[in-house]
Structures are given as structure tokens and as C-alpha cells.
1. Since B:Glu13 meets every condition but one in (1) buried (at least 16 other Cβ atoms within 10 Å of the Cβ); (2) at pLDDT 95 or above, which condition does it not meet?
2. Quick one: B:Glu64 ticks every box in (1) more than 14 Å from chain A (Cβ to nearest Cβ); (2) of a type in the set (D, E, K, R); (3) buried (at least 17 other Cβ atoms within 10 Å of the Cβ) bar one, so which box is it?
3. Can you say whether A:Leu58 is more than 14 Å from the chain's Cα centre (by Cα), hydrophobic (A, V, I, L, M, F, W, C), surrounded by fewer than 24 Cβ atoms within 10 Å (Cβ to Cβ) and under 23 Å from A:Phe193 (Cα atoms), as far as the supplied structure shows?
4. Residues in segment B:39-82 that are part of a helix (DSSP H, G or I), among the acidic types (Asp, Glu) and modelled with pLDDT under 95: how many?
5. Looking only at segment A:13-22, decide whether some residue is over 22 Å from B:Leu179 (Cα atoms), away from chain B (no Cβ under 14 Å), hydrophobic (A, V, I, L, M, F, W, C) and touching a helix residue (DSSP H, G or I) at 6+ places or on another chain (Cβ under 7 Å).
6. Going through B:Val76, B:Val81 one at a time, which residue ends up being away from chain A (no Cβ under 11 Å) and touching a Gly at 6+ places or on another chain (Cβ under 9 Å)?
7. Mind checking whether some residue in segment A:122-129 is in a loop (DSSP other than H, G, I, E, B), touching a residue at least 60 places away in the same chain (Cβ under 8 Å) and either within 28 Å of B:Tyr171 (Cα to Cα) or of a type in the set (Lys, Arg) (or both)?
There are 2 protein chains.
Amino acid sequence: MVKVRIAAPVLQENSAAAAENRSLFQELGLFVVNLMSSPGSGKTSILERTLSHLPADLKVGVIEGDIYTTKDAERVAAHGVPVVQINTAGACHLDARMVKAALEDLPLKELDLLLVENVGNLICPAEFDLGEDARVVVLSVTEGADKPLKYPLVFRLAAVALVNKTDLLPYTDCDLDALCRDLRVVNPELTIFPVSARLDTGFAPWVKWLRERVRIKKGRGGGSHEQESAGI
Amino acid sequence: MVKVRIAAPVLQENSAAAAENRSLFQELGLFVVNLMSSPGSGKTSILERTLSHLPADLKVGVIEGDIYTTKDAERVAAHGVPVVQINTAGACHLDARMVKAALEDLPLKELDLLLVENVGNLICPAEFDLGEDARVVVLSVTEGADKPLKYPLVFRLAAVALVNKTDLLPYTDCDLDALCRDLRVVNPELTIFPVSARLDTGFAPWVKWLRERVRIKKGRGGGSHEQESAGI
């Protein structure tokens, strides 16, 4: 079948910008998460819950990717963290150059953790390295248990899957065990955290995972920032 | 912000193939629907319910777009209708050339209605005209009421929105009235049908809408097929 794919030069250019971002994050000892999912899986709600569960002395910045609106950025900004909005003006994913440009508007040296919420799309964002440390994919139980096998790339490249809307499990046909099995078929290394952003349940292990990665990354980072914030 | 967009030559080439498809559909008097949504909104379940509600003498063909698997095509084939699977091998949408190639494997002259299930993606498929008569977008209430304003293009170009999973309304924070209001802000001409594919409710008005369009298109089509099947 004929197909339209992302052109190789676009991906090469992206890789170069991603490498620059990665090098900067390494230098700063800043742990960076690329949060991806379908529209409506609950990325923003999870981000808000995560912010409320993280300790106040862990400094978080957020980049919000959206096609047109600033709705998500407004929700996140209400939590008192620095937020930069990227409006992709129709593009269906974030790329490393967009993120690089957005970094200029964040107080990077003060941050311990940067959460990047990608555009709601289970396909295209997976092809674009942003220079992040970890890709985290959100999947809600209402989307059906067949998604890992139908959209494998995003799950294959993720470190963590947050399985959201577990409060709706009793009212759907989704088999959580089967879903987790299929996630591990696609990616045996995947760490899976079932959560309900609506009920604020299941967040402790995910937040613990995040805090450990932040601590390890800071230990490896260079410069004064590491010493200032040691012990988180 | 820097952005990666679908290149103009790709869209021009697509428009040419879409025009050929449209001309063929016109000649055949065949009504064609392009069914679009996020992953997990319930396109395939809606397609299955629609097939079961249509009268047996209305001949339906299906094209299933999927990135890798044949899961959806197998579900649809179980209903005894001709199905052609397009595996896009990673591409995030169907285009008119893919559909054109798939048409060769369908008994087009025998069909009254062709349902094309696009790849699960609320963004990219909206940019590709397939030559269809109507775009129908599926949105589930569990995705949240903010989707029409966040992903306007797909809703702006649709004739119909099927709002699915209404059985879950009591367990979510989704306000169906607000959702319908926002849908009409984006597209005042949109016809909205709330349905539950799981409970098989709400399908009668949607199926009536489809049957009327099939009847009108057949009346306008050329050739013997129109006379053979008049009166549906």
C-alpha cells in the first residue's frame, strides 16, 4: 500500500536538536519526562495530580503541547509551577526544536524535573525524540485493552505506562490483567502503574518512581545545582 | 514556533486521487463514509452495531485502516460483509491513494454503502480527503468535553458526530449538553447522535440518517445499479 511517512531529513534534523536538548538536561542534572497518550486519556489530569503529590522542595517545570488552545496550560499554571505553552498550529506532535525554543522561557537552573505534555496522539509523537530521559504513556481503561498491540511504537519506547480511569473498570469490558499482559508483550521492560486521576488513587508508586529518577539524574548532573538540591 | 506540517505536494497528490475516488463513487451512486476518531473511541464497535441495524438488502462494504494489525477487519468480517484491510505500516492516517488501491478488492458495483474506518487519530486523518461523501467523527464521553475545541479540524469538516459510551455518563464528569454546545461552536451544521455501542442504544436516528443519504446518492448515481436497487 502507498503510504506517507515522516521524511528522513525531518527526523535527522529532529535527532540533532534532541541531542542538544539531552546534553543540556545532562549538564543541568534535570530529569525530563515526555508524557504521551491519545486525546482524552487524562494526561493533564495526571499531570495535575502528580504536581500535587510531589514534595514542595522538588522544583517542577511544565511544557504543554497543544494544537491550538491554552486550556491545558491554564489548568497546570493554577498549580503554581512555571508553564510554557507550545501551540503547534496544526502539527500533530511536539518535536525537539519546539521544545528547545520553549526551554528559553523556563527557569531551567532552578528545576529538578521537567514534565512535557505532548499533543494528544498515540501515533506521531512516538517518532520524535525530544531529548527526554523517559517516555511515559497514558492509556485509559475506557479505550479498550487492544491498544498496545494496535499502536505498539509508543508503548515499545516508553519506560512507564500509567493506566488511567481505573475507577471506570467496573462499568467497562476492559480486562486490566489482559491489558497489562499485552503491554508487556509489546515491551517487557515497561513499568505499569494503574491510577485513577479522578479519584486520586494509585499515585504513590508513580511519584516514588519519578522522585528516584530525579535523585539519580541530579547525582549525575554537573555544576552547583546538584549541590544546592542534594538529598531529594 | 517551528512546526512540521504535511508538505503541500503530498496534499496536492492526495486531492487528485480523492477526486478520482469521488468521481467513481458518483458514477456508481455509492455513498461513502469516512469514520474518524481517537484510538479507543469505539469506531469499530459502532461500525459493527451499524451493520447489524441496516436492512439486509442494503449492501455494505468496509475498508479498515489500521497501522499494523487486522484485529478490526476480523471483527467486521464476522458480520458477513466484504472487508478490505489497509495496513498503513506506521502511517498515522489513510490517504486517497490507499483507498483507491483498496477499492480494487471490493465488489463495488454490488454495494450501496461503503464505510471507511480511518486510523485511530483525531488529528492527521482530518487533513486527507478520501473522496468520501461524509465524514463522521466518533467521540466518547470518557474523553472529556474539551475535545471539540482542542481538536477542531476533524469536527469542523464532519457532517455527523456520534457521541459514544453514553452508558458511562453517570460515572464521568462529562456534561453532554456542554459537549454538544462546544461541538456546535466548532461546527454549527454538525448533526449529533448520542449512542452507546456497548448497550446498543441510540442507533435508530443515525441509521435513518445513513439510509436517507444512501437513497439520495443512489438516485443521483448513473447506470444500471440505480435501477436495480431503487426504493431503498
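The values are calculated or read from the model by the stated rules, or taken from the named source; none is laboratory data. Because the structure is a prediction, the values reported are computed rather than measured. Please note: Cβ atoms are built from the backbone with ideal geometry, for glycine as well, and neighbour counts cover all protein chains shown.
1. The one condition B:Glu13 does not meet is (2).
2. It is condition (1) that B:Glu64 fails.
3. Working: more than 14 Å from the chain's Cα centre (by Cα): yes; hydrophobic (A, V, I, L, M, F, W, C): yes; surrounded by fewer than 24 Cβ atoms within 10 Å (Cβ to Cβ): yes; under 23 Å from A:Phe193 (Cα atoms): yes.
So A:Leu58 passes the test.
4. Step one: of segment B:39-82, the residues part of a helix (DSSP H, G or I) are B:43-53, B:71-77.
Those still in the list that are among the acidic types (Asp, Glu) too: B:48, B:72, B:74.
Keeping just the survivors that are modelled with pLDDT under 95 gives B:72, B:74.
Total satisfying the criteria: 2.
5. So in segment A:13-22, the residues over 22 Å from B:Leu179 (Cα atoms) come out as A:13-22.
Subsequent filtering for residues that are away from chain B (no Cβ under 14 Å) retains A:19, A:22.
This time we only want the ones that are hydrophobic (A, V, I, L, M, F, W, C), so: A:19.
From the residues that got through so far, the ones that are touching a helix residue (DSSP H, G or I) at 6+ places or on another chain (Cβ under 7 Å) too are none.
Checked segment A:13-22: no residue is over 22 Å from B:Leu179 (Cα atoms), away from chain B (no Cβ under 14 Å), hydrophobic (A, V, I, L, M, F, W, C) and touching a helix residue (DSSP H, G or I) at 6+ places or on another chain (Cβ under 7 Å).
6. Numbers: B:Val76 fails: touching a Gly at 6+ places or on another chain (Cβ under 9 Å).
Criteria check complete, one pass: B:Val81.
7. Initially, segment A:122-129 is screened for residues in a loop (DSSP other than H, G, I, E, B), giving A:122-123, A:128-129.
Subset that is touching a residue at least 60 places away in the same chain (Cβ under 8 Å): A:122, A:128-129.
Narrowing the set further to residues that are either within 28 Å of B:Tyr171 (Cα to Cα) or of a type in the set (Lys, Arg) (or both) leaves A:122.
Among the residues of segment A:122-129, at least one is in a loop (DSSP other than H, G, I, E, B), touching a residue at least 60 places away in the same chain (Cβ under 8 Å) and either within 28 Å of B:Tyr171 (Cα to Cα) or of a type in the set (Lys, Arg) (or both), which makes the answer yes.
Residue by residue, here is whether (1) of a type outside the set (A, V, I, L, M, F, W, C); (2) touching a His at 6+ places or on another chain (Cβ under 9 Å); (3) free of Cβ contacts under 8 Å to residues at least 60 places away in the same chain; (4) over 30 Å from B:Ala178 (Cα atoms) holds:
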{"position": "B:Ile46", "(1), (2), (3), (4)": "no, no, no, no"}
{"position": "B:Ile63", "(1), (2), (3), (4)": "no, no, yes, yes"}
{"position": "B:His79", "(1), (2), (3), (4)": "yes, no, yes, yes"}
{"position": "B:Glu104", "(1), (2), (3), (4)": "yes, no, yes, yes"}
{"position": "B:Arg135", "(1), (2), (3), (4)": "yes, no, no, no"}
{"position": "B:Lys150", "(1), (2), (3), (4)": "yes, no, yes, no"}
